[in-house]
1. Going highest first, how would you order 119-129, 26-36 by mean Cβ packing within 10 Å?
2. Name the residue farthest towards the positive end of the dipole of the chain from the options C129, I16, N116, assuming +1 on Cβ of Lys and Arg, -1 on Cβ of Asp and Glu, about the Cα centre.
3. What ³J(HN,Hα) values, in whole Hz, does the Karplus curve 6.51 cos²θ - 1.76 cosθ + 1.60 give for the range 98-113 when θ = phi - 60°, with x put for Gly and Pro?
4. With springs only between Cα atoms under 10 Å, which of D118, D131, D39 fluctuates most in a Gaussian network model of the chain?
5. Mind ranking 100-110, 40-50, 81-91 by how tightly packed they are, going by the mean number of other C-beta atoms within 10 angstrom, highest first?
6. Viscosity 1.567 mPa s, temperature 4 °C: Stokes-Einstein D of the range 1-138 from its Kirkwood Cα radius, in µm² per second?
7. Please determine, in degrees from 0 to 90 and to the nearest 10, the orientation of helix 119-131 with respect to the longest principal axis defined by the Cα atoms of the chain, where the helix direction is its Cα long axis.
8. Taking amide H positions as placed in the peptide plane 1.01 Å from N, state which residues far from V105 in sequence (5 or more) or on other chains have amide H under 5 Å from it.
Amino acid sequence: MLREKFYALSLREQRIVTITVPVVVAMLCWLLLLKPMLDNRAQLQLSSAKNQQQLSWMQQNANRVSGAWLSSNDADSPKDQSQLRQVMNQLLKAQNISIQRIQNVNEKDVSYRLDNSDFNNILQLLKSCQDRNIQIVQLQLTKGKNIGKVNTRLTIAIQG
């Protein structure tokens, strides 16, 4: 069908169609396939370069911040058992957690019994202990009397 129409054209029109069809097909391939792929590749390369630069910046600042954090953290961390108890009492008071019992386990461990405390406050207490380089030796949580309340047995020690 197309062949019959092609041969029905004059010789001049046949030459124009013979030259034009491959050019149009090549342009369509370029516009529909190659150009979007090349644009996407260029965009990915640019994005990758930006991400590498941002990662480098973050690593430099993370090293700066972690160095400052460690030095400030060492100042806050307790050095002996009496300081450990003082720091822990401050943290418990800040979280509004009442202490049922405190007991020295050995030279560096202190055990706390915290009954009917709010679970979220216990989580904040644990985060504060971690921030102050207080090692959590043992942690036992049991369901409290009310919803959202827990009974806690916590043994802590000086880090290091």
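1. So the order, starting with the most tightly packed, is 119-129, 26-36.
2. It is I16, whose Cα lies furthest towards the positive end.
3. 8, 9, 8, 7, 10, 8, 6, 8, 8, 5, 10, 9, 10, 10, 10, 10
4. The residue with the greatest mean-square fluctuation here is D39.
5. In descending order of packing, they fall as 81-91, 100-110, 40-50.
6. Details: Rh = 22.3 Å.
D, rounded to a whole number, is 58 µm²/s.
7. 90 degrees
8. So V105 has HN proximity to V110, S111.
Values quoted throughout were computed directly from the atomic coordinates according to the rules given, and no laboratory measurement underlies them. All figures in this text were calculated on a predicted structure; none of them were measured in a lab. We place every Cβ from the backbone using ideal geometry, glycine too, and count neighbours over all the protein chains shown.
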